[in-house]
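The values are calculated or read from the model by the stated rules, or taken from the named source; none is laboratory data. Here the structure is a predicted model, which means the values were calculated and not measured. When we count neighbours, we look across all protein chains shown, and the Cβ atoms used for this are built from the backbone with ideal geometry, even at glycine.
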Amino acid sequence: MFRYAGWLLVSALCACAADVTFYKDVLPILQNHCQECHRPGEVGPMPLLTYKDTRPWATAIREAVRLRKMPPWFADRSVGHFRNDRSLSQQDIDILSQWSDNKGPEGKVKDAPPPREWVEGWNIGKPDIVVQLPKAYDIPAKGTVEYTYFILPSGFTKDTWVQAGEFRPGNRSVLHHATVFFRDPDSRWLRKYPAGEYFVPAEQIARANAPSSGATTNAGASLLEERFLGYVPGRQAMVLPPGQARLIPAGSDIVVQFHYTTNGRPATDRSSFGLVIAKESPTRRFYTTAVANDKFIIPAGAADHVVQASMTLRGDAELTGFYPHTLFLLRLPTCPAGPGQDDFVRTGASCFCGSETLRSNSDGKPTPIPSHSSQRTGRLLPFRNLETGLRRRHPRSWGEDAQGAYRIESDRSGWCLGPTERSCH
């Protein structure tokens, strides 16, 4: 009796594995987790839209998902649960593995879900405003390209609220990352440089008396110069829920920072970004501010050297996302939500050059940050270096740093979020 029941169970499991097909089981997973990047014109090295596209990669897909290399998600799954977690469930991994083990059966086309619709490459729908750099930038075949900037007037004559935004690189093969700032009309940041031309600011070039390998990777930008949009391979577009929006003050200038890398061939890039304007006045302001420390030296022989930074907000806010970033020599970066609280996020990467903002907890409950509260103010994740010995030097203007871009929001009573009055609008 029991032997027969066991035989039935094994037979059922084998039948289930044998029934896995591309159209019925695999394609829905690809649509929900992979095609955002793996389609023509996107960062994925090959499209995964059709059976013909996908079948040659069946073995590679199996190995990538079993090792959790794909989809990319670097946060420790045991600490924190996030709304934009793109990682696969174990059931999805098992389905993709079974499909590969069974030689990638196609199945019946009638079982396929409707294809996902994409709007001319945009992931935010049709933008209300598209800003394209007025000229291309030439990238050499070899060598190091310093962080490069471009300034142009925004054209906004009144305060404008934005609900969605996306950066589109012109040449993904050479663009490591890009950041879009909206420079406040009262800001003096980079005022001595001309608009309409690419330039490398002297503020970021390494100096003999600089405590780090570069003066600053953001050319002296203060915390008031808000990081509005950004691009790194795999990052999701910014789409805010109804009632939330980001503010572009009237008269602001657009400042775009580019980090290019050479690949052995001369190249050009002419990037663009799109914005979706909020259809109604928001009830909550969405704001990004950086908490950073780039003026530290890891002592020789130190096996564990913790680096921290902090800031105090002027108004009550809620932490809705966190973008950890560091370069080289790190181990187990964490971000505590507050004294006595569990970690908000932890990653075990040996180099977490973060590509994705971790967006709030999956239960939809952001972490409250009361104003002027030094003990609850968001603190930079503590980093511990992976290796011992003297800190390495590099012939370029960026090196080891430790920073976190905090995404916060507040209602109208807490509009003033930044560290000074000038951040209040």
Residues of the stretch 51-77 being modelled with pLDDT of 95 or more and of a type in the set (Asp, Glu), in sequence order, are Asp53, Glu63
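Residues checked against (1) at pLDDT 85 or above; (2) of a type in the set (Asp, Glu); (3) assigned to a loop (DSSP other than H, G, I, E, B):
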| position | (1), (2), (3) |
| --- | --- |
| Phe181 | yes, no, no |
| Tyr193 | yes, no, yes |
| Pro211 | no, no, yes |
| Gly220 | no, no, yes |
| Gly230 | yes, no, no |
| Leu247 | yes, no, no |
| Glu280 | yes, yes, yes |
Residues that are at pLDDT 70 or above and charged (D, E, K, R), drawn from the stretch 315-333: Asp316, Glu318
Strands (runs of 3 or more DSSP E) contained in the stretch 132-176 and holding at least 2 residues closer than 17 Å to Gly230 by Cα and hydrophobic (A, V, I, L, M, F, W, C): 148-153, 160-168
Check Gly315, Gly264, Gly301 and return the single one that is surrounded by fewer than 18 Cβ atoms within 10 Å (Cβ to Cβ), small (Gly, Ala, Ser) and not assigned by TED's automatic domain parsing to the domain that holds Gly196. Gly301
When you go through Leu96, Leu48 one by one, which is the residue that is assigned to a loop (DSSP other than H, G, I, E, B) and either among the hydrophobic types (A, V, I, L, M, F, W, C) or surrounded by 18 or more Cβ atoms within 10 Å (Cβ to Cβ) (or both)? Leu48
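Considering only the stretch 118-137, I want to know if a residue exists there that is of a type in the set (Ser, Thr, Tyr) and closer than 15 Å to Thr261 by Cα. Give the derivation first.
Initial filter on the stretch 118-137 (of a type in the set (Ser, Thr, Tyr)): 137.
Okay, now just the ones that are also closer than 15 Å to Thr261 by Cα, so 137.
The answer is yes, given that some residue of the stretch 118-137 is of a type in the set (Ser, Thr, Tyr) and closer than 15 Å to Thr261 by Cα.
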Every pair of residues 6+ apart whose Cβ atoms lie under 9 Å, when the first sits in the stretch 51-68 and is farther than 16 Å from Gln98 by Cβ and in the same structural domain as Pro28 (by TED's automatic domain parsing) while the second is of a type outside the set (A, V, I, L, M, F, W, C) and modelled with pLDDT under 95: Asp53/His38; Asp53/Pro47; Arg68/Arg77; Arg68/Ser87
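Every residue, every condition in (1) in the same structural domain as Glu197 (by TED's automatic domain parsing); (2) under 22 Å from Glu36 (Cα atoms); (3) not polar (S, T, N, Q), yes or no:
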site	(1), (2), (3)
Arg86	no, yes, yes
Gln98	no, no, no
Pro127	yes, yes, yes
Tyr137	yes, no, yes
Glu146	yes, no, yes
Lys158	yes, no, yes
Trp161	yes, no, yes
Condition broken by Gly107, with the remaining ones in (1) of a type outside the set (Ser, Thr, Tyr); (2) assigned to a loop (DSSP other than H, G, I, E, B); (3) assigned by TED's automatic domain parsing to the domain that holds Glu63; (4) touching a Pro at 6+ places or on another chain (Cβ under 9 Å) satisfied: (4)
